[in-house]
Amino acid sequence: MTHADKLKEISKVARFVRAAEKEINAIGIAPRKPYKHPFDIVGLATLSKAFSLSNACLKLLRSDHPDEAFALSRSIVECANNLRYMTEKSDTQDKRVRYFVNQHKADKAYWAHYCLELFGGRPEEQEIRDYMQREGITPDTKPAGRHWSGERGFMWDTMTVDHPLDGPVTEKHKKLSYAADYFQTSTFVHCSLPAIDNHAVEEGTPFRVSTASGLHETTQSTLFTVLVYLHGTICYAMYGMNLESPKTAALFQQTLNSMKPYERQYSKIKHSP
C-alpha cells in the first residue's frame, strides 16, 4: 500500500472517530449516583479512554510509527473487553464493576509494601503506617499481580463467551479475533520477536537506528482494530447504562465496508526458486 493510500485509510477511520465523539457528546449523558449505578462512572471513563487511545493511534500512524500504533491499539481491545465482561450478565454487572474499582486497594497494598521497604527505620515510616491504618491497607504485593476480575485467562474467556450484543458471530470468528486483535498485538506490546522483525539488521552492514521497515505491514491492522473496538466500547458502554447506541452504527458499517482488506504478509516475502 502506498503512503497516499495509507493516508486515505487513516482518514476514513479518523472521520468515524470524530463523528462518533460528536454524536455521543450531543446525547448529554448525565451519570447517575455511583453507589446505585457504578457502571455509569466506569463505563463512561472507559469510553473516553478508548477515544483518547484511538486518536493517539491515528497520530502515530500519521507520523509513520505503525508498529507502535499497533501495540497501543491493544489497549482499545482491553477497554472494549473490560466493558464486555462487566455487561455480559445484567445480574452480575454491578458486582463486576466493583471488582474493577476495588483493584485500587490491591495497588495501594503493593505500594505500601515498597514504601515500608524504602522508608523503614526512618521518620517517614510512622506517617506511612498511620495512613495505612486509616485506609485499612495491609502491605502485600500479591493481589496486584492478579487480574481485577479474579479470572484466569480473562481475555480469552471474555472474547469467546456469548454476549447479548454479539449478533450472528461464530465461535470460530471469536477465536480468530482473539488471535489477531489481542495475541498478535501483545507481541508488539512486549517487544518480542514479531515486534523487532521490522528492525532486522543485515549481516555485515553497518548498523544505523531505523524506523519500521514495513516488511510486515501493521497500518491496516491497526485501523481495523481502532474502528472495531472503539465501536465495541461505545456499544458496551451504552448497553451497560440501558441507553440506545448512538446513531453511529451505520457509519461504522459504511467505514468498515469501504476499507481496503489486510495485505497478505507472505506476498511481500521473496522466496528462492
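Read-outs throughout are calculated quantities, based only on the coordinates presented, and are distinct from any laboratory measurement. Remember, predicted model here, so these are calculated numbers, not experimental data. In this analysis, Cβ positions are derived from the backbone assuming ideal geometry, glycine residues included, and neighbour counts consider all displayed protein chains.
Once Rh for region 156-273 is found with the Kirkwood sum over Cα pairs, what is the Stokes-Einstein diffusion coefficient at 37 °C and 0.692 mPa s, in µm²/s?
It diffuses with D of about 190 µm²/s by this estimate.
Charges only on Cβ, +1 for Lys and Arg, -1 for Asp and Glu: so what's the dipole of the chain about the Cα centre, in debye to the nearest 20?
Dipole about the Cα centre, nearest 20: 640 debye.
With the cut-off at 32 Å, tell me which of the pairs 12/89; 6/108; 175/260; 12/49; 12/33 have Cα atoms farther apart than that.
In this structure, 12/89; 6/108; 12/33 exceed 32 Å between Cα atoms.
With 5 Å bins from zero, work out the P(r) of region 115-190 over every alpha carbon pair and list the percent per bin.
Histogram of Cα-Cα distances, whole percents per bin: 3, 12, 14, 14, 11, 8, 7, 9, 9, 7, 4, 2, 0.
Calculate how steeply helix 103-119 sits against the longest principal axis of the alpha-carbon atoms of the chain, using the helix alpha-carbon long axis, and give the answer as 0 to 90 degrees to the nearest 10.
Here the helix axis deviates by roughly 70 degrees.
Provide the descending list of Cα extents for the chain along its principal axes, expressed in whole angstroms.
Cα spread of the chain along its principal axes, largest to smallest: 70, 54, 33 Å.
I need the peptides 192-200, 107-115 ranked by packing, meaning the mean over residues of other C-beta atoms within 10 angstrom, with the highest value on top.
Result, highest mean Cβ count within 10 Å first: 107-115, 192-200.
What does the helix-only formula give at 222 nm for the chain: each DSSP H stretch with n ≥ 4 adding -39500 (n - 2.57), the total divided by the residues, and the result rounded to the nearest 500 deg cm²/dmol?
It comes out at -19500 deg cm²/dmol, rounded to the nearest 500.
Counting just the Cα atoms, what span does region 181-249 cover along each of its three principal axes? Round to the nearest Å and put the largest first.
Sorted from largest, the Cα extents of region 181-249 read 62, 20, 15 Å.
Springs between alpha-carbon pairs under 10 angstrom, Gaussian network model over the chain: which of 247, 12, 59 fluctuates most?
The residue that fluctuates most here is 247.
When all C-alpha to C-alpha distances in region 1-136 are sorted into bins of 5 Å, what percent of pairs does each bin hold, rounded to whole numbers?
The percentages, shortest bin first, are 2, 8, 12, 14, 12, 12, 12, 11, 8, 5, 2, 1, 0.
Which listed residue (83, 30, 99) has the Cα farthest towards the positive end of the charge dipole for the chain, taking +1 on Lys and Arg C-beta and -1 on Asp and Glu C-beta about the Cα centre?
30
Over the chain, with a Gaussian network built from C-alpha contacts below 10 Å, which listed residue (162, 64, 91) shows the highest mean-square fluctuation?
For the chain, modelled as a Gaussian network with Cα springs under 10 Å, the answer is 91.
Below 8 Å, C-alpha to C-alpha, sequence gap of six or more: please give me the relative contact order for the chain in percent.
31
Mind sorting 135, 217 by how few other Cβ atoms lie within 10 Å of their own Cβ, fewest first?
Ordered from fewest to most neighbouring Cβ atoms within 10 Å, 135, 217 come out as 135, 217.
Taking a ≥ b ≥ c as the square roots of the eigenvalues of the Cα gyration tensor of region 88-139, is the shape rounded (a/c under 1.5), prolate (a/b larger than b/c) or oblate?
prolate
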